[in-house]
Amino acid sequence: RLFDLDPDLLPFFQYNCKQFTSPQECLSAPEFLDHIRKVMLVIDAAVSHLENLSCLEEYLCNLGKKHQAIGVKVESFSTVGESLLYMLEKCLGTAFSPDVRDAWSKLYGAVVKAMQRGWETLPEGD
């Protein structure tokens, strides 16, 4: 779903200097699947620390810095969030109520805000 929503994200997923020629090629790469597992681990950590997300602040801020360093724009995380919600809706079916959607949106939004602070804390010129 990610590349359907924003095909321009494909170049960000390069592994070992390999440029993928299609979303399908990227989606089948073990490195991409590993990246998805890492994204889900961040989501899992956020769920696990729901009552105290601030304990993840430094980690998420640094994660934001890493994404900025390779040229990812903060706006791209909206597309990732949309893809996450789409996947949850497909997996949960009717259990994906408006309240569930709202809760996931708020959680993901909090993660992105913490990551975005990584952009904001970079010194001028970096």
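The values are calculated or read from the model by the stated rules, or taken from the named source; none is laboratory data. Owing to the predicted nature of the structure, the values given are computational and were not obtained by experimental measurement. A quick note on method: Cβ atoms are made from the backbone with ideal geometry, for glycine too, and the neighbour counts reach across all protein chains shown. In case anyone asks, the SASA skips ligands and DNA or RNA and just uses the protein heavy atoms, side chains included. Shrake-Rupley method; radii C 1.70, N 1.55, O 1.52, S 1.80 Å.
Residues with beta-carbon under 11 Å from that of V80, excluding V80: net charge, scoring Lys, Arg +1 and Asp, Glu -1?
Charge balance near V80 sits at -2.
Given a 1.4 Å probe and every protein chain left where it sits, what share in percent of the accessible area of the chain is carbon and sulfur?
The nonpolar share, carbon plus sulfur, comes to 56 percent.
Tell me which label goes with the value of P(r) over Cα pairs in 5 Å bins from 0, in percent computed from the coordinates here: [x] 2, 10, 18, 22, 21, 16, 9, 3, 1, 0; [y] 2, 9, 12, 12, 12, 16, 17, 13, 6, 1, 0, 0; [z] 2, 8, 10, 11, 10, 9, 7, 6, 6, 6, 6, 5, 5, 4, 3, 2, 0.
[x]
Could you check the simple spin-label distance between E31 and R1, using points 7 Å along Cα→Cβ, in nm with one decimal?
2.6
Rounded to the nearest 0.05, what FRET efficiency do S22 and D102 give with R0 = 41 Å and r taken as the Cβ-Cβ distance? Could you check?
Computed FRET efficiency for S22 and D102: 0.75.
Hey, got a sec? Which GluC sites (Glu not before Pro) in the stretch 39-126 land in a DSSP loop and have at most 13 other Cβ atoms within 10 Å?
Answer by residue number: E75, E124.
Only helices at least 30 Å long along their axis, Cα-based, and averaging -1.0 or more on Kyte-Doolittle count here, so list those DSSP H runs from the chain.
Long hydrophobic helices here: 98-120.
For the chain, what does the helix formula give at 222 nm: sum of -39500 (n - 2.57) over DSSP H segments with n ≥ 4, over the residue count, nearest 500 deg cm²/dmol?
-20500 deg cm²/dmol
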